[in-house]
Amino acid sequence: MKNIGWVASLLILITFGLYYYQFGMGPTVLSKGKDVWGQFGDYFGGVLNPILSFISILLLIKSVRMQLTANECLINETKRQEVLDKRKSFEFQFYNLIEAQKSGFDDFSLIFPSPNGDIEVKKVDAVNKLEQLIKTSVQRGITGINLVSILESLDDKSDDKMFSFARRFYLSVKLVDNKITVENGFDEQDKKMYIETLINLSDFAMVRLICMIITYLSWPNVVYINNSTEMRGVINTTGLNTYIDTLK
């Protein structure tokens, strides 16, 4: 803008200079005739008006381009903010579900039969005893539908504690599947990252429990977890598939 101002000033001086060079060389005096001043005005306006108008058009074009650039930056910033808001909303739900899963596990317990009557076993001890029950049953040749029946009967007696745990885990996996999309500003690799986060932020007893559940039970929420490509991939990359093999 400063350079254009200098150019316009220079053009005005050149116009005056040319007029003086052509008509004012030598001993001259300012004319008192209105017609002469009118001719000078016509000359001045006729020469400068097209040039200054052209400069004005250039400035207008530049101003429009700057406005378009500013609008584009504003649109991009708005889109970036929308993506950030979606990510924040997702992560708020995701980490709340993980906390809910941990809180739910504090109340986790299973009721096992024994010669002296049913025994309620809680949290990690319940997972350990369930793991022992599965491995002992497999060693005795109790597999397939028979073992599934034992686990379902155990869960029924325990107020569906395994089902509730599987449901909370399923909600986290489903949230990742539904919200981690390119349309929401995520990459496809983000799905695997958040599933890994879900596994890594869960206590090992909780991870073992979900492995036992998805290995033998076929509730709809468990089927969904098993059909998750990212979940199966994380199970393989984290080595949990080796642990699952020990349960069969």
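The values are calculated or read from the model by the stated rules, or taken from the named source; none is laboratory data. For clarity, every value in this text was computed on a predicted model and none was experimentally measured. Ideal geometry is used to build each Cβ from the backbone, glycine not excepted, and the neighbour counts take in all protein chains shown. The protein model used for the area step is the full one, side chains on, heavy atoms only, and it has no ligands, DNA or RNA in it. Shrake-Rupley method; radii C 1.70, N 1.55, O 1.52, S 1.80 Å.
Before moving on, here are some points about what is shown:
- Residue-level accessible surface for Ser56, protein heavy atoms, 1.4 Å, Å²: 70
- Protein-only accessible surface order, largest first, of Glu77, Glu196 at 1.4 Å: Glu77, Glu196
- Segment 115-145 versus segment 51-71: alpha-carbon centroid distance in Å: 79
- Here r is the Cβ-Cβ distance between Asp125 and Gln189 and R0 is 41 Å; the resulting FRET efficiency, rounded to 0.05, is 0.60.
- Of the two radii for segment 178-226, the radius of gyration is 1.06 times the Kirkwood radius, both from the alpha carbons; that is the Rg over Rh value.
- In the assembled protein chains, Asp107 presents an accessible area of approximately 110 Å² (probe radius 1.4 Å).
- Taking all protein chains together, Glu183, Glu120 sort by accessible area into Glu183, Glu120, largest first [probe 1.4 Å].
- Segment 95-248: radius of gyration over Cα atoms, expressed as a fraction of 2.2 N^0.38 Å: 1.07
- For segment 85-147, the ratio of Cα radius of gyration to the globular rule of thumb 2.2 N^0.38 Å stands at 1.67.
- Quotient of the Cα radius of gyration of segment 94-184 and 2.2 N^0.38 Å, N being its number of residues: 1.33.
- Sites Asn76 and Asn227 - FRET efficiency at Förster radius 35 Å, r taken between beta-carbons, to 0.05: 0.40
- Intensity falloff of segment 158-203 expressed as log10 I(q)/I(0), Debye formula with alpha-carbon point scatterers, at q = 0.14, 0.21, 0.25, 0.31 Å⁻¹: -0.40, -0.72, -0.89, -1.09
- Taking the inverse of the mean reciprocal distance over all distinct Cα pairs, the Kirkwood hydrodynamic radius of segment 200-248 comes to 11.1 Å.
- Rolling a 1.4 Å probe across all protein chains gives Met193 an accessible area of roughly 80 Å².
- Carbon-plus-sulfur accessible fraction, segment 55-194 (probe radius 1.4 Å, protein heavy atoms only): 53%.
- Those lysines that a straight Cα-Cα span of less than 23 Å connects to Lys157, excepting residues fewer than 8 apart in one chain: Lys102, Lys122, Lys123, Lys129, Lys135
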